[in-house]
1. State whether the residues of the stretch 111-119 include one that is over 17 Å from the mean Cα position of the chain (by Cα) and either of a type outside the set (A, V, I, L, M) or crowded, with 22+ Cβ neighbours inside 10 Å (or both).
2. Can you name the condition, by its number, that P269 falls short on among (1) assigned to a loop (DSSP other than H, G, I, E, B); (2) open to solvent by 40 Å² or more (accessible area, probe 1.4 Å); (3) touching a residue at least 12 places away in the same chain (Cβ under 8 Å); (4) farther than 30 Å from A45 by Cα?
3. Give E181, E160, E166 a once-over and let me know the one that is open to solvent by 50 Å² or more (accessible area, probe 1.4 Å) and touching a helix residue (DSSP H, G or I) at 6+ places or on another chain (Cβ under 8 Å).
4. For the stretch 44-57, indicate whether the set of residues that are of a type in the set (S, T, N, Q), without any contact (Cβ under 8 Å) to a residue 24 or more places away in the chain and out of contact with any Leu (no Cβ under 8 Å at 6 or more places or on another chain) is non-empty.
5. Do you know which of the residues in the stretch 157-185 that are closer than 23 Å to A45 by Cβ and acidic (D, E) is farthest from the chain's Cα centre (by Cα)?
6. Any residue at all in the stretch 90-97 that's more than 26 Å from A191 (Cβ to Cβ) and touching a His at 6+ places or on another chain (Cβ under 6 Å)?
7. For a quick check of your reading of the model, give me the residue pairs whose first member lies in the stretch 290-309 and is at negative phi, whose second is among the basic types (K, R) and buried (at least 21 other Cβ atoms within 10 Å of the Cβ), with beta-carbon atoms closer than 7 Å and at least 6 apart or on different chains.
8. Go through the stretch 294-330 and give me each residue that's over 29 Å from H33 (Cβ atoms), in contact with a Pro (Cβ under 9 Å, 6 or more places away or on another chain) and aliphatic (A, V, I, L, M).
Amino acid sequence: MATVKSPKRPLSPLLSRPGAVPAEGVDEGVAAHYGDIFREQSALADGSGLVDLSHRGVVTVTGSDRLSWLHLLVTQHVSDLPAGQATEALILTANGHIEHALSLVDDGETLWAHVEPGTQDELVAYLESMKFFYRVEVADRTDDFAVVHLPAGSIAPVPEGATVREVPYGRDVFLPRAELEPYAEQHGPLAGMLAYEALRVEAHRPRLGFETDHRTIPHELGLIGTAVHLQKGCYRGQETVARVQNLGKPPRRLVFLHLDGSEVHLPGPGTPIRLASDGAEGRQLGFVTTSARHYELGPIALALVKRNVPLDAELLAGTTAAAQEPVVEP
């Protein structure tokens, strides 16, 4: 799996906005929140506000062979991708483990991708190594473009000429970095990463480096049919995808957890998951991947558990009681 690491470029100018509290870890460089995480969540859910994703990597591919070439490398069918249609794609290892996750859109001349912070260097290096005789040019445009997210229902206009990825939960806009601050001033209110992440967890959307580790395969996260197309030509890792799809089951599955709201602290990433009936010293059956406080649902989380954990089993996340909802069926 690609190493997800903190960005090296300067902090977002939006961290100077009133109430901004910097995010930490992978999301360093943008705001965790601007003073009221529940208000920010509510605004996003209602279709207003803007999320600064300028810490994410931006990679472009140009050239007449860009779609047919990338089609050979990723899990998604992109050889005939219509201009303006958003899609998701993965790059797998030879053993079928998730290495990169790309959020893609083609504008008719350029294929745009935004990726997890700090993974763009490894991605570009891999793509460059696979160019061969194809007419393509790969570029890291992270220093030139910033991604902002507008939630579903937002009426904020998109600047003329800007590339947009429209997905069911909103629009990702690729803005020249010089335009980030004035655009945010006009189309706030701003929402931070804690609000964005809480809604991501609610929607069961996995994230590279959070719901993945070095051995994650797409089936465990429910990515078959969304980021993985089963009727396309060969790509690295396809044999594993086909074998699990046709002959077996993934060893783990993604679950959504409703956590006991009486606990003061959220169980963080890596917190062991056990059967409640076995107690806090029982056999570990999985681990928390992301936890959040939701403005309506209270404390929630995503977790990876062994496939054979009963669907009706009451769980413990560390010492916190947790009720599961399956994301991936066993």
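The values are calculated or read from the model by the stated rules, or taken from the named source; none is laboratory data. Computed from a predicted model, the values in this text were never measured in an experiment. No Cβ is skipped: glycine too gets one built from the backbone with ideal geometry, and neighbour counts run over all protein chains shown. Keep in mind that these areas ignore ligands, DNA and RNA; they rest on the heavy atoms of the full protein, side chains included. Shrake-Rupley method; radii C 1.70, N 1.55, O 1.52, S 1.80 Å.
1. The initial filter retains those residues of the stretch 111-119 that are over 17 Å from the mean Cα position of the chain (by Cα), namely 111.
Now narrow it down to the ones that are either of a type outside the set (A, V, I, L, M) or crowded, with 22+ Cβ neighbours inside 10 Å (or both): 111.
Checked against the condition, which is being over 17 Å from the mean Cα position of the chain (by Cα) and either of a type outside the set (A, V, I, L, M) or crowded, with 22+ Cβ neighbours inside 10 Å (or both), the stretch 111-119 yields at least one hit.
2. Condition not satisfied by P269: (4).
3. Numbers: E160 fails: touching a helix residue (DSSP H, G or I) at 6+ places or on another chain (Cβ under 8 Å); E166 fails: touching a helix residue (DSSP H, G or I) at 6+ places or on another chain (Cβ under 8 Å).
When all the criteria are applied, what remains is E181.
4. Of all residues in the stretch 44-57, those of a type in the set (S, T, N, Q) come to 48, 54.
Retained after the next criterion (residues that are without any contact (Cβ under 8 Å) to a residue 24 or more places away in the chain): none.
Taking every residue of the stretch 44-57 in turn, none turns out to be of a type in the set (S, T, N, Q), without any contact (Cβ under 8 Å) to a residue 24 or more places away in the chain and out of contact with any Leu (no Cβ under 8 Å at 6 or more places or on another chain).
5. Among those residues, the one meeting the criterion is E185.
6. So far as the stretch 90-97 goes, yes, one or more of its residues are more than 26 Å from A191 (Cβ to Cβ) and touching a His at 6+ places or on another chain (Cβ under 6 Å).
7. Taking only residues 6 or more apart or on different chains, the pairs are L304/R252; V305/R252; V305/R253; K306/R252; R307/R252; R307/R253.
8. Of the residues in the stretch 294-330, the ones over 29 Å from H33 (Cβ atoms) are 305-314, 326, 328-330.
Still in the running and in contact with a Pro (Cβ under 9 Å, 6 or more places away or on another chain): 306-311, 328, 330.
If the condition is that a residue be over 29 Å from H33 (Cβ atoms), in contact with a Pro (Cβ under 9 Å, 6 or more places away or on another chain) and aliphatic (A, V, I, L, M), then V309, L311, V328 are the ones that fit.
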